[in-house]
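Participant: Structure in structure tokens, see below.
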Amino acid sequence: MALEQRTLTVPALVVMIIAASAPLTAVAGGVTTNYAVTGMSSVPLSFLLIGAVLLIFSIGYTAMSRHIPNAGAFYAYVAEGLGRIAGVGAAMVALVSYNLMQIGIYGMFGFAASSFLNATFDTAMPWWVTALVAWAAVGFLGLNRVDFSVKVLGIIVAAEFLVVIVYNIMAFALAPQAPQPEAAFNLSDALAPGMGAVVAFTIAAFMGFESGTIYNEEVKDPQRTARRATMIAIIIIACFYAFSAFAVAVGEGADNVIAASAENGPDLLFVFFAAHAPTWFVDLSNILFITSLFAALLAFHNVIARYFYSMGRGGALPKFLAVTSRRTHAPIAGSLAQSLLGLIVIVAFAVASRGQEPMYIVFTMFTWMTNSAAFGLVLLMALTSFAVIGYFARHAANDSLITRVIAPLISGIALFYVFVQIIINFDILLGVEDPGVLGFVLQGIVIVPGLLGSLAAAVVRLGRRESQPASELSVS
């Protein structure tokens, strides 16, 4: 059976996209970590720069969704633009990267949820207990209609935005010194030596923005919905995160924000609330931080389930992965496969973390897996940009030259630059001075499946050619 047809609207898809980027998590965790690790004041500017690059990328990317309404997105577009061999490789990189991103978040969720419950009720619950509760809930929701997930995510995302907006207002109202927008949005910093590390961190906050096209078989208008939703989501994320990052600097003081971020890390916002807001609001903010992580888990789970579905349908993975539910039309086999992978990794890290400090799971499972995922997804976006050019070079279309060549070329070059910066700053992203073998292993986990997938596709193609008569080979 096929996926559920034509139920998602533009607002619903915007919610799905923004949920994957986890606004409260991105501001509380991503922004503060960026300030602390890079020591750069221009973190707010980086959101506008990356937002601009991704808007340019989305011009060609969403144009492809009109011509190829496939739930595989990266996989389907690279296959059509650069050939099936490259497409199978891209499919494996995408599948590994999205699973790393989703499963890695279980580590942060488990830590945050267990820490909150232990502090509130004076218990000693290990991280993996709450992670398994989230795993079960995500698995259940993943087997239901996608519009049901949208309703859950919509409530969570709205609450997240509200908390960050309250923080932004309080930060400006209680600022210890005058705001310094000239430092936060200094365009000369765009080419500064440290900006490479900043954008490597920043682009991770946008991960999930590209998921809109994955739902193109389930939207009401395949010609417009994904395109509009993706661009709206990018603009909202870029502007909201840039302003919120500036608010963090204003709330702590431009001269103190880097030191304060290094001292408190992701707790910075909650330390601020503890000093200036009622206890109940601090507790509410912590709860919403946890639900923010849950929203990201569910959003990425839905994306991965559809990748399994698309790859099973296309023959890159076993056909049974293309099975959908007769009742809900959800990609049930893909959802169960993703849940199984998540369970295996949670159990493995539960064993590995025994006797370790509570933050161990954040420094390993969460940090290692999510940054490796960003490494793979940025590579895929760069490849997809060039695939857009390749596709339109071989297929006649009414799309403009900007859509077919100029925009994807600019975004491809810019995204490849960001990819190189991720490689250069991988030790910083992992939070270690010398990752050594670890860095190569984590990058290899992403890249090697792609190389093996491409090699397997090449071998299959060669075998088919050798089995064909000479007369058929001349036209194949």
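Participant: Could you list, in sequence order, all residues of segment 340-360 that are in a helix (DSSP H, G or I) and either among the basic types (Lys, Arg) or open to solvent by less than 10 Å² (accessible area, probe 1.4 Å) (or both)? Spell out how you get there, then give the answer.
Facilitator: In the first step, residues of segment 340-360 are kept if they are in a helix (DSSP H, G or I); the result is 340-352, 360.
Scanning segment 340-360 gives 342, 346.
Participant: Does residue 98 qualify as being open to solvent by 10 Å² or more (accessible area, probe 1.4 Å) and in contact with a helix residue (DSSP H, G or I) (Cβ under 8 Å, 6 or more places away or on another chain)? Write out each step before concluding.
Facilitator: Working: open to solvent by 10 Å² or more (accessible area, probe 1.4 Å): no; in contact with a helix residue (DSSP H, G or I) (Cβ under 8 Å, 6 or more places away or on another chain): yes.
Answer is no for this residue.
Participant: So residue 363 ticks every box in (1) hydrophobic (A, V, I, L, M, F, W, C); (2) at pLDDT 90 or above; (3) open to solvent by 60 Å² or more (accessible area, probe 1.4 Å) but one. Which box is left unticked?
Facilitator: (2)
Participant: Exactly one condition in (1) under 30 Å from residue 127 (Cα atoms); (2) in a loop (DSSP other than H, G, I, E, B) is false for residue 337; which is it?
Facilitator: Just one mismatch for residue 337, condition (2).
Participant: Moving on to the next point. Out of the helices (runs of 4 or more DSSP H) lying entirely within segment 102-197, which hold 3 or more residues that are open to solvent by less than 50 Å² (accessible area, probe 1.4 Å), modelled with pLDDT of 90 or more and not β-branched (Val, Ile, Thr)?
Facilitator: Once the helices (runs of 4 or more DSSP H) in segment 102-197 are filtered for at least 3 residues that are open to solvent by less than 50 Å² (accessible area, probe 1.4 Å), modelled with pLDDT of 90 or more and not β-branched (Val, Ile, Thr), what remains is 127-142, 146-173.
Participant: Can you pull out every residue in segment 219-270 that is of a type in the set (Val, Ile, Thr) and within 24 Å of the chain's Cα centre (by Cα)?
Facilitator: Residues satisfying the conditions are 219, 225, 230, 232, 234, 235, 236, 237, 248.
Participant: How many residues are surrounded by 12 or more Cβ atoms within 10 Å (Cβ to Cβ) and modelled with pLDDT under 85 when one looks only at segment 429-459?
Facilitator: Residues meeting the conditions: 3.
Participant: So, of the residues in segment 213-234 that are part of a helix (DSSP H, G or I) and either of a type in the set (Lys, Arg) or modelled with pLDDT of 95 or more (or both), which turns out to be nearest to residue 310 (Cα to Cα)?
Facilitator: Start the filter on segment 213-234 by keeping residues that are part of a helix (DSSP H, G or I), which leaves 213-215, 225-234.
Adding the requirement that they be either of a type in the set (Lys, Arg) or modelled with pLDDT of 95 or more (or both) leaves 227-228.
On the way: 227: 20, 228: 23 Å.
Of everything passing the filter in segment 213-234, 227 is nearest to residue 310 (Cα to Cα).
Participant: Continuing with the same structure: Assess whether residue 203 counts as being β-branched (Val, Ile, Thr), closer than 25 Å to residue 13 by Cβ and surrounded by fewer than 21 Cβ atoms within 10 Å (Cβ to Cβ). Reasoning before the result, please.
Facilitator: Working: β-branched (Val, Ile, Thr): yes; closer than 25 Å to residue 13 by Cβ: yes; surrounded by fewer than 21 Cβ atoms within 10 Å (Cβ to Cβ): no.
Criteria not met by residue 203.
Participant: Taking the conditions exactly as written (surrounded by fewer than 24 Cβ atoms within 10 Å (Cβ to Cβ) and in contact (Cβ under 8 Å) with a residue 40 or more places away in the chain), does residue 310 satisfy them or not?
Facilitator: no
Participant: Out of everything in segment 40-58 that is open to solvent by 40 Å² or more (accessible area, probe 1.4 Å) and out of contact with any Cys (no Cβ under 8 Å at 6 or more places or on another chain), what residue ends up being farthest from residue 366 (Cα to Cα)? Before the answer, list the steps.
Facilitator: The first filter runs over segment 40-58 and keeps only residues open to solvent by 40 Å² or more (accessible area, probe 1.4 Å), leaving 41, 48-49, 52, 55-56.
With the extra rule that they be out of contact with any Cys (no Cβ under 8 Å at 6 or more places or on another chain), the set shrinks to 41, 49, 52, 55-56.
On the way: 41: 25, 49: 26, 52: 28, 55: 28, 56: 30 Å.
Applying the filter and picking the extreme gives 56.
Participant: Something else now. For segment 85-95, how many residues meet the condition of being surrounded by fewer than 24 Cβ atoms within 10 Å (Cβ to Cβ) and under 22 Å from residue 26 (Cα atoms)?
Facilitator: 0
Participant: While we're looking at this one, here's another question. How many residues, within segment 379-410, are open to solvent by less than 80 Å² (accessible area, probe 1.4 Å), of a type in the set (S, T, N, Q) and either over 16 Å from residue 207 (Cα atoms) or in contact with a Gly (Cβ under 7 Å, 6 or more places away or on another chain) (or both)?
Facilitator: Selection size over segment 379-410: 3.
Participant: Same structure, new question: Give the number of residues within segment 303-334 that are touching a Ser or Thr at 6+ places or on another chain (Cβ under 6 Å) and in a helix (DSSP H, G or I). Full working, then the answer.
Facilitator: Going through segment 303-334, the residues touching a Ser or Thr at 6+ places or on another chain (Cβ under 6 Å) turn out to be 303, 305, 331-332.
Next cut, in a helix (DSSP H, G or I) only: 303, 305, 332.
Selection size over segment 303-334: 3.
Rundown of residues vs (1) more than 25 Å from residue 175 (Cβ to Cβ); (2) acidic (Asp, Glu); (3) open to solvent by 20 Å² or more (accessible area, probe 1.4 Å), yes/no style:
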position	(1), (2), (3)
249	no, no, no
257	no, no, no
263	no, yes, yes
266	no, no, yes
281	no, no, yes
291	yes, no, yes
295	yes, no, no
304	yes, no, no
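Participant: Let me ask something else about it. Within segment 337-355, can one find any residue that is within 21 Å of residue 137 (Cα to Cα) and aromatic (Phe, Trp, Tyr)?
Facilitator: Checking segment 337-355: at least one residue is within 21 Å of residue 137 (Cα to Cα) and aromatic (Phe, Trp, Tyr).
The values are calculated or read from the model by the stated rules, or taken from the named source; none is laboratory data. Model, not experiment: these values are computed from the prediction. Virtual Cβ from ideal backbone geometry, glycine too; neighbours counted across all protein chains shown. SASA here: full protein model, heavy atoms, side chains in, ligands and nucleic acids out. Shrake-Rupley method; radii C 1.70, N 1.55, O 1.52, S 1.80 Å.
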